[in-house]
Amino acid sequence: MPSGHVYAEDQYLGAFSYANHPADSWGWQSLAYFCPECGEVWARVVMTRKNEETQQFRPVIMGCRRHFEPWGIPGSLLRGELQYNLDELSVECLARELDVHLSYYERML
């Protein structure tokens, strides 16, 4: 079964597996979260197959925490496949998401 490792802002946030999807699923690529404002890759989801072969990266255009994001919450990893796999993410990853969302809405007040 495909599995992945999440890294955001130079922090390892744990591993997960796509338990509900077949190992030969072609859709699970590694993700590189790219901020269009500062040009940084601020997060990565490294996907591997059963044989530990790393899947190719595809970019996810998403603003980092420091910059505006018109289509979502800046700095959130919940764009693309990860939003459908919350129950498989680590506690560290979920805690970071909660912090990102709370900080965003706190600034809106």
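The values are calculated or read from the model by the stated rules, or taken from the named source; none is laboratory data. None of the values given here were measured: they were computed from a predicted structure. Here the Cβ positions follow ideal geometry from the backbone for every residue, glycine too, while neighbour counts run over all protein chains shown.
Contact annotation: residue pairs with Cβ atoms under 9 Å, 6 or more positions apart or on different chains, pairing a residue in segment 58-70 that is over 11 Å from residue 38 (Cβ atoms) with a partner that is at pLDDT below 90 and basic (Lys, Arg), are 60/79; 61/79; 62/79. Filtering segment 40-68 to residues that are in a loop (DSSP other than H, G, I, E, B) and over 15 Å from residue 9 (Cβ atoms) leaves 49, 50, 51, 52, 53, 55, 56, 68. Of the set (1) within 11 Å of the chain's Cα centre (by Cα); (2) surrounded by fewer than 20 Cβ atoms within 10 Å (Cβ to Cβ), all apply to residue 48 but (1). Considering only residues that are of a type outside the set (Ser, Thr, Tyr) and not in a helix (DSSP H, G or I), look in segment 75-109 and name the one that is nearest to residue 36 (Cα to Cα). The selected residue is 75. Just one of (1) part of a loop (DSSP other than H, G, I, E, B); (2) within 21 Å of residue 98 (Cβ to Cβ); (3) touching a helix residue (DSSP H, G or I) at 6+ places or on another chain (Cβ under 9 Å) fails for residue 31. It is (1). Does residue 84 qualify as being among the aromatic types (Phe, Trp, Tyr) and modelled with pLDDT of 80 or more? So residue 84 does not fit the description; no. Every condition in (1) modelled with pLDDT of 90 or more; (2) crowded, with 16+ Cβ neighbours inside 10 Å; (3) of a type in the set (A, V, I, L, M, F, W, C); (4) out of contact with any Gly (no Cβ under 6 Å at 6 or more places or on another chain) is met by residue 38 except one, and the failing one is (2).
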